[in-house]
Amino acid sequence: MDSKSITGFSKLNKTQKLEWLTNHYLLENENESSEFEAFWLPDQEAQKIIDGFSENTVSNFILPYGLAPNFLIDGHIYCIPMVIEESSVVAAASSAAKYWMERGGFTTTILGTTKVGQVHFKWFGEKRLIHQLFPDIEHHLRLNVEPLTENMSKRGGGIKRIELLDFTDYEPALYQIRAHFETCDSMGANFINSVLENFAITLENYFLDSLQVPDQHRDVDVIMSILSNYTPECLVRAEVHCNINELGTFANGMLAEQLAEKFKTAVNIADIDPYRATTHNKGIFNGIDAVILATGNDFRATEAAGHTYAARDGKYRSLSHCEIKDGVFRFWLDIPLAIGTVGGLTSLHPLAKKSLEILGNPSAEQLMRIIAAAGLAQNFAAVRSLVTTGIQQGHMKMHMMNILNHLHASEGEVKKALCNFEDKTVSYASVRDYLESIRKA
């Protein structure tokens, strides 16, 4: 066996895991483990909670936790927590928030809150018969799952509808039970998956016991039971609009009318060209993911749903849209967001709980509105920069502090460098050369 392999790694404590890591993969420095230990929380109970989120943990990976103030959303002002490592994202969202606060702010609409789960199975009987039996099957599915859904139903959630889908034209004997759920303020993954597994057992028993099923077709092969992260019916819209003449003036002397037309064209390009749409939508998720992370929700599920929604007509397109009509500039975003404000990390992670407190302890629907507005703000800021000054200039200005830190600039050198590059192009080489010149002087 290779000396770098190990059996029983998960049974080691954290210190033993680090010792094994440094002895086999980090051989240059005997004190390598101290760099990992430096990021352990001093509060042992808090660290125990963090360790419980994953497996084989040896340290914490730190990301910046920032605030984007001045978000006027549906008449209420929010300060939005954002967790992200990319330079300029929080600054851009804050800039867009302040810009639109003076023009009426963001308005949002919940277009739906339904989530989806599926039981995929094979059955080799006659199509006609399974469709004929399905109303009775649905009755048994709902009846047997009542102990699981009772509490959710009391809160206004539960199973909203169940349907049978026929995929036999694509795969022999393949069917799907698709269930639609309301999960209130919970993201609902555990609830949905528990219901679906109960469905699978009920389905097998039904075909085994029902007198309406021929003996030669009593076998049902359940392939899998799992929720879907694609939630096109759990949808929110965020929007900004104002008269074109209220847009103001922009860099390089660009007037409001020019900005509006160029902005609209840029968004149209993202609707036409998947290469541009990918980068365009990535910018939207810069804002969305940062709030998703800060509130302890699942950014991977959110992105997967968003990208699938962007390709729902068979071509990958922009998630945001723009129109100019009767002298009014309108920019909006429709995005599926299956999120929660109770359960999971939202209740366990100390900073996730604090983020929700900062946001006023919102319901899941309120949080959908806030997150969508953050995504739209980020998108507006990015497109505005692209069609005016170009995005790289502002990005590199924000990146400059990273460069100065990398070059170990003193406080005095930082002040001089920021002043010197106020009207100059920022690059790693130019900042390095400048620091060398003032150090020699």
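The values are calculated or read from the model by the stated rules, or taken from the named source; none is laboratory data. Here the structure is a predicted model, which is why all the values come from computation and not from measurement. In this analysis, Cβ positions are derived from the backbone assuming ideal geometry, glycine residues included, and neighbour counts consider all displayed protein chains.
Quick notes on this one:
- Some residue of segment 392-410 being touching a residue at least 40 places away in the same chain (Cβ under 8 Å), of a type in the set (V, I, T) and assigned to a helix (DSSP H, G or I): no
- Selection from segment 425-441 of residues that are touching a residue at least 12 places away in the same chain (Cβ under 8 Å) and of a type outside the set (D, E, K, R): T425, V426, S427, Y428, V431, Y434, L435, I438
- Residues within segment 165-196 that are surrounded by 18 or more Cβ atoms within 10 Å (Cβ to Cβ) and either under 12 Å from H120 (Cα atoms) or among the small types (G, A, S) (or both), tallied: 7
- Any hit, segment 314-329, residues being of a type in the set (F, W, Y) and crowded, with 21+ Cβ neighbours inside 10 Å: yes
- Residue count, segment 17-58 (criterion: closer than 17 Å to L345 by Cα and of a type in the set (S, T, N, Q)): 3
- Within segment 343-369, considering residues that are over 16 Å from the mean Cα position of the chain (by Cα) and at positive phi, the one surrounded by the fewest Cβ atoms within 10 Å (Cβ to Cβ): N361
- When the helices (runs of 4 or more DSSP H) confined to segment 237-348 are screened for residues that are farther than 30 Å from K48 by Cα and out of contact with any Lys or Arg (no Cβ under 7 Å at 6 or more places or on another chain), those reaching at least 1 such residues are found at 256-272, 274-294, 299-310.
- Residues in segment 180-211 that are in contact with a helix residue (DSSP H, G or I) (Cβ under 9 Å, 6 or more places away or on another chain) and part of a helix (DSSP H, G or I): A189, F191, S194, V195, N198, F199, I201, T202, L203, N205, Y206, F207.
- Those strands (runs of 3 or more DSSP E) of segment 84-170 in which 1 or more residues are in contact with an Asp or Glu (Cβ under 9 Å, 6 or more places away or on another chain), within 23 Å of F299 (Cα to Cα) and among the β-branched types (V, I, T) occupy 107-110, 115-122.
- In a residue-by-residue description of segment 32-49, the property of being touching a strand residue (DSSP E or B) at 6+ places or on another chain (Cβ under 7 Å), aliphatic (A, V, I, L, M) and more than 25 Å from S186 (Cα to Cα) applies to no position.
- When each of G340, G314 is tested for being farther than 25 Å from A382 by Cα and within 16 Å of the chain's Cα centre (by Cα), the lone residue that passes is G340.
- Of all residues assigned to segment 216-224, at least one qualifies as being surrounded by fewer than 16 Cβ atoms within 10 Å (Cβ to Cβ), modelled with pLDDT under 95 and assigned to a loop (DSSP other than H, G, I, E, B).
- Residues that are touching a Phe, Trp or Tyr at 6+ places or on another chain (Cβ under 9 Å) and buried (at least 19 other Cβ atoms within 10 Å of the Cβ) within segment 268-290 comprise A277, N281, F285, I288, D289, A290, listed in sequence order.
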